[in-house]
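Below is one structure; the comments refer to it alone.
The values are calculated or read from the model by the stated rules, or taken from the named source; none is laboratory data. As the structure is a prediction and not an experimental result, all values here were calculated from the model. Cβ placement follows ideal geometry from the backbone for every residue including glycine, while neighbour counts extend to all protein chains displayed. For accessibility, only protein heavy atoms count, side chains too; no ligands or nucleic acids. Shrake-Rupley method; radii C 1.70, N 1.55, O 1.52, S 1.80 Å.
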Amino acid sequence: MMNLKSLGSRLAAAAALSVALALPSLANAAELYSGSNSDVRTVLYYKASTAALSKFLPAGWELSPFTTAPSAGANLQVEFVDQLYAVDPKGTVGAPYRYVLFGIPVHKTGSSENVLMLFDGLSRGGAGPYGIAETAADDINRGVRYSSSPTAVSEAWNFEGGGEKVSLQTEFERGPVTLEKGDSHVYSQLKPEFSRIYRYNEAIDVVKSGDANRLRSLSLKAEGGKLTAVFDGSESLVAVVSLPVYSRDIFVPQP
């Protein structure tokens, strides 16, 4: 027969386990689910003028260039997004749209958490949740050519609105794809108290990074508004990443 001391020890252990299992739920309770989406993305990483980018930093924030491959050394991220599917928190399917976003890797002064801060963008959806995008018309053409030669991907992205114009023309060979799972924390430059957490699954093809380069051609033009000072001709391309598959759940931290 189990004595009372042994029974007490087991009950205490069970209680401790219950508390431990509940901790993730308590952490998640501080986040509000905001929807999900699935996209195809092309991401460019640049090393741009530190002086130009620093002008977008709110008080209490500092530039924090990427330190790991494939984007090590870059301080500017340009992300072209072809959204294929999106649902809101109630599961209602929304109309997908295309957009381009400009972000800088940063951290709060005194913090070791490196995050991305969005400072500009163009989209039919207008300002968006971060309040930083210009309402813009888009014209997108993406294609894949399969043959006995390496698979070739060609893309043409064009956005114009709010006094800004962005175009990307590129062609590259499809390489090996790696599956990745992770999360990212993204802030708004215009309202730095607002952020979103993305928990994502993606298939990643590193087209260009270091000595690896399967680019056949690439031309990016970004002008007007905030973009003119950033793309002044001194920027240099560090990496190109293709995400033929990208899906995520979106959460908003709660006070």
Next on the checklist: List the pairs from LYS108/LYS165; LYS47/LYS221; LYS90/LYS221 whose alpha-carbon separation is above 27 Å, in the order I gave them.
Outcome noted: LYS108/LYS165; LYS90/LYS221
Item to check | Karplus-derived 3J(HN,Hα), 6.51/-1.76/1.60, for each residue of segment 232-247, Hz, glycine and proline x | outcome: 9, x, 8, 6, 10, 6, 9, 7, 10, 10, 9, 10, x, 9, 8, 9
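Counting Lys +1, Arg +1, Asp -1, Glu -1, what net charge surrounds LYS181 among other residues with beta carbon under 13 Å of its beta carbon?
-2
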Checklist entry - For the chain, what is the relative contact order in percent, using Cα pairs closer than 8 Å and at least 6 residues apart in sequence? => result 23
Next on the checklist: Per-residue counts of other Cβ atoms within 10 Å, averaged by peptide: what ranking do you get for 131-137, 70-76, highest first?
Outcome noted: 70-76, 131-137
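May I ask you to derive the relative contact order of segment 53-136, considering only C-alpha pairs under 8 Å and at least 6 residues apart, and to give it as an integer percent?
Result for segment 53-136 is 24 percent.
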Item to check | Mean residue ellipticity (222 nm) of the chain, computed from DSSP H runs ≥ 4 via -39,500 (n - 2.57), nearest 500 | outcome: -4000 deg cm²/dmol
Next on the checklist: 7 Å from Cα along Cα→Cβ at both SER234 and GLU171: what's the point-to-point distance in nm?
Outcome noted: 3.4
Next on the checklist: So, taking all protein chains as they sit and a 1.4 Å probe, how much accessible area belongs to GLU31, in Å² rounded to tens?
Outcome noted: 40
Checklist entry - How much accessible area does HIS185 have with a 1.4 Å probe, in Å² rounded to the nearest 10? => result 40
Checklist entry - If you take the square roots of the eigenvalues of the alpha-carbon gyration tensor of segment 194-255 and sort them as a ≥ b ≥ c, do you get rounded (a/c under 1.5), prolate (a/b over b/c) or oblate? => result oblate
Checklist entry - Projected onto the charge dipole of the chain (+1 at Lys/Arg Cβ, -1 at Asp/Glu Cβ, origin at the Cα centre), which of PHE119, PHE251, SER195 gives the Cα projection farthest towards the positive end? => result PHE251
Checklist entry - Whose amide H sits under 5 Å from the amide H of GLY94, counting only residues 5 or more places off or on another chain, with H placed in the peptide plane? => result ALA86, VAL87, ASP88
Checklist entry - Given q = 0.20 Å⁻¹, what are the Debye log10 I(q)/I(0) values for segment 97-182, with equal point scatterers placed on the Cα positions and solvent ignored? => result -0.99
Checklist outcome for this item: Place a point 7 Å from the Cα of SER111 in the direction of its beta carbon; the residues of segment 239-253 whose amide N falls under 13 Å from it are 253
Checklist entry - Where the accessible area of the chain is counted over protein heavy atoms with a 1.4 Å probe, how much of it, in %, is carbon and sulfur? => result 55
Checklist entry - Calculated FRET efficiency, GLU193 and ALA69, Cβ-Cβ r, R0 30 Å, to nearest 0.05? => result 0.40
Checklist entry - Relative to the longest principal Cα axis of the chain, at what angle does helix 4-28 sit, 0 to 90 degrees, rounded to 10? => result 20
Next on the checklist: With only alpha-carbon atoms in the gyration tensor, what are the semi-axes of the equivalent ellipsoid for the chain, in Å, largest first?
Outcome noted: 38, 23, 19
Item to check | Relative packing of peptides 48-57, 85-94 - highest average C-beta neighbours within 10 Å first | outcome: 48-57, 85-94
Item to check | Interchain or long-range residues, amide H under 5 Å from ASP120's placed H | outcome: PHE102
Next on the checklist: Report the gain in length on full extension from ASP139 to VAL252: 0.36 nm times residue separation, minus Cα-Cα distance, nm rounded to one decimal.
Outcome noted: 37.6 nm
Next on the checklist: With a cut-off of 8 Å between alpha carbons and a minimum separation of six or more residues, what is the relative contact order of segment 124-166 in percent?
Outcome noted: 34
Checklist entry - What whole-number value in Å² describes the accessible area per residue of the chain for a 1.4 Å probe? => result 52
